[in-house]
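For reference, the structure I am asking about is given below.
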Amino acid sequence: MKTLDKVRGCLVGGAAGDALGYAVEFLDNDSIIETYGKDGITEYDLTGGIARISDDTQMSLFTANGLLYGTTQGLTSSVMKSYTSYIADAYKDWLKTQDEMFPLMDGSYSSWICNIPQMYSRRSPGATCIDTLSDGRDGSVLMPVNQSKGCDGIMRVAPIGAYFCDKHYTRDQIDMFGAEAAAITQGHPLGYIPAAALVHIVNMLIYEKNISILEAVLDAKSAIKRIFKESQHIVLMNTLIDKAIALSKEKIDDRQAIAQLGMGWVAEETLAIAVYCSLKYHDDFDKALIAAVNHDGDSDSTGALTGNILGAYLGMNSIPDKYLDKLELKNVIIEMADDLFYDCSHEDGLAFKSEIWIQKYINADYLPQRRISRPLKTSKSKRIPKTVKKIFHNPLLCGIIC
């Protein structure tokens with residue numbers, strides 16, 4: 001059953017793992033030990049008193065923004081594009097935060113999180129991501145834009161698993177949303193198939209009652225084998241996941257186990273490492289994250305995925321305070337998680353009643369620090385449709401996603 005605690009846990013947990021691992025992303029294991037001691041990094045390495053997130057969390061937030069913007073536009077206009085199109089537009093907004101100065105020109109973006117100055121920081125974004133988005137090319141599963149299987153695709157799709165439920169879409173369709181979102185920039189099958197698997201795992205952990213992480217992982221394996229039955233890469237990926245499952249049951253040093261799974265720079269390895277850490281420490285968020293980031297390789301992405309999975313399983317209330325204190329943009333991340341949970345509905349059950357929602361997902365002029373502090377836009381490009389007031393107060397349109 002979908003709960004706010006689990007949705008928050010998924011997004012905040014991912015950001016926590018990202019922030020813990022970001023400090024050591026480009027350090028090998030020996031350097032990590034030399035810098036942080038024999039146990040490696042176990043606490044945030046603060047910069048200016050803040051645990052900085054990387055592009056992983058930035059892009060996850062834009063994924064969420066794209067989903068919610070898409071749903072809102074679908075309800076307030078006669079034509080709705082695909083969710084992948086809205087997500088791709090959101091990624092182009094993210095690209096602007098990497099290339100341009102704050103604030104952006106009014107009306108040049110559709111994501112309200114472009115109004116957050118802290119977003120305008122380059123945090124080691126993937127070169128493939130930057131290059132592909134800069135060229136204006138949107139890849140897809142059927143029309144791949146390149147042959148990259150880097151983890152840039154999988155590290156940003158967890159909000160898809162947290163958002164959709166199977167009342168309106170089958171789980172196979174939800175998984176494909178994840179694959180298509182990754183395929184926007186990562187064209188190799190192993191760049192987007194693991195993303196579908198992560199979405200599946202997160203979705204099951206949030207929406208299914210009394211399910212274990214292992215059950216969710218095994219179900220994901222079966223699902224991707226069915227959905228991508230024509231792909232020659234399924235055997236390789238599922239073999240790696242099986243290896244992660246087996247290693248999680250052994251009494252073995254985490255660094256040695258993870259070394260057998262890879263370094264996490266490519267998506268199937270990122271997922272396998274996260275599966276290993278999540279299974280081995282299924283009831284201990286702290287130990288899972290510490291294991292996930294202390295290795296040679298892409299520590300922020302393996303930490304982020306582990307945090308997504310454990311957060312979806314345990315909920316935000318089980319995340320230790322040390323991962324909540326000082327986390328950059330924590331309140332924004334929680335606010336976005338709340339929007340994914342409540343979607344178009346609010347406490348009184350009326351759709352789109354909140355003026356803040358209009359500012360976020362119609363006008364994109366919401367300022368988190370000063371709520372409703374400036375008038376709504378009325379420019380031609382952003383004018384609120386006359387029919388919107390009726391839609392905002394129509395309870396039949398509540399819960400479009402769930």
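Throughout, read-outs are computed from the coordinates displayed, never taken from laboratory work. Just so it is clear, the model here is predicted, and its values are computed rather than measured. Cβ placement follows ideal geometry from the backbone for every residue including glycine, while neighbour counts extend to all protein chains displayed.
Can you sort SER248, SER148, SER31, SER78 so the residue with the fewest Cβ neighbours within 10 Å comes first?
Lowest count first: SER78, SER31, SER248, SER148.
Starting from the Cα of GLN147, step 7 Å toward the Cβ, then list every residue of the stretch 211-232 with an amide N under 20 Å from that point.
230-232
Can you give the FRET efficiency for GLU250 and ASP284, using 1/(1 + (r/R0)^6), R0 = 22 Å, r = Cβ-Cβ distance, to the nearest 0.05?
Approximately 0.80, to the nearest 0.05.
Same structure again: For the chain, what is the mean residue ellipticity at 222 nm derived from helices alone (per DSSP H run of n ≥ 4: -39500 (n - 2.57); sum divided by total residues; nearest 500 deg cm²/dmol)?
Here the helix-only value at 222 nm equals -16500 deg cm²/dmol.
Still on this structure: Considering amide H positions built from the backbone, and no H for Pro or chain starts, which residues 5 or more places from GLU208, or on another chain, come under 5 Å of its amide H?
Result for GLU208 returns nothing.
Expressed as an acute angle from 0 to 90° and rounded to the nearest 10, what is the orientation of the C-alpha long axis of helix 189-207 relative to the principal long axis of the chain?
The answer is roughly 80 degrees.
A follow-up question, please. Could you give the distance between the Cα centres of the stretch 217-277 and the stretch 61-110, to the whole Å?
Cα centroid of the stretch 217-277 versus Cα centroid of the stretch 61-110: 32 Å apart.
How are the C-alpha pair distances of the stretch 75-212 spread across 10 Å bins, as whole percents from the shortest bin up?
12, 38, 35, 15, 1
Once label points are set 7 Å from the Cα along Cα→Cβ at both SER85 and GLN260, what is their separation, rounded to one decimal in nm?
4.8 nm
So, R0 is 41 Å and r is the distance between the beta-carbons of SER78 and GLU208; what FRET efficiency does that work out to, to 0.05?
In this case the efficiency is close to 0.70.
Right, next: Evaluate the Kirkwood expression for the hydrodynamic radius of the stretch 164-217, namely the inverse of the mean inverse distance over all pairs of different C-alpha atoms, and round to one decimal in Å.
Evaluated over the stretch 164-217, this radius sits at 11.4 Å.
I've got another one for you. Starting at the first residue of the stretch 312-324, write each ³J(HN,Hα) from the Karplus equation 6.51 cos²θ - 1.76 cosθ + 1.60 with θ = phi - 60°, in whole Hz, x for Gly and Pro.
5, 7, 8, x, 5, 5, 9, 7, x, 4, 5, 8, 9
Separate question: Take LEU271, LEU218, LEU261, LEU95 and order them by how many other Cβ atoms sit within 10 Å, fewest up front.
Listing LEU271, LEU218, LEU261, LEU95 from fewest to most nearby Cβ atoms yields LEU218, LEU95, LEU261, LEU271.
Would you mind computing, in nm to one decimal, how far apart the modelled labels at LEU236 and LYS167 are, each placed 7 Å from Cα along Cα→Cβ?
Between LEU236 and LYS167, the label points sit 4.1 nm apart.
How are the Cα pair distances of the chain distributed, in percent, across 20 Å bins from 0?
30, 59, 10, 0
While we're looking at this one, here's another question. At a Förster distance of 22 Å, what's the computed FRET efficiency of THR3 paired with LEU46, Cβ-Cβ distance as r, to 0.05?
The computed FRET efficiency comes out at 0.10.
Right, here's the next one. Past the 18 Å Cα-Cα mark, which pairs from LYS2/LYS167; LYS249/LYS287; LYS209/LYS322; LYS38/LYS243?
LYS209/LYS322; LYS38/LYS243
Name the long-range amide H neighbours of LEU367: under 5 Å, sequence gap of 5 or more, or other chain; modelled H, no Pro or chain starts.
ILE372, SER373
With 10 angstrom as the radius, rank PHE102, PHE164 by how many other C-beta atoms surround their C-beta, starting from the fewest.
PHE102, PHE164
With labels modelled as points extended 7 Å from the Cα through the Cβ direction, what inter-label distance (nm, one decimal) is found for LEU367 paired with ASP28?
5.0 nm
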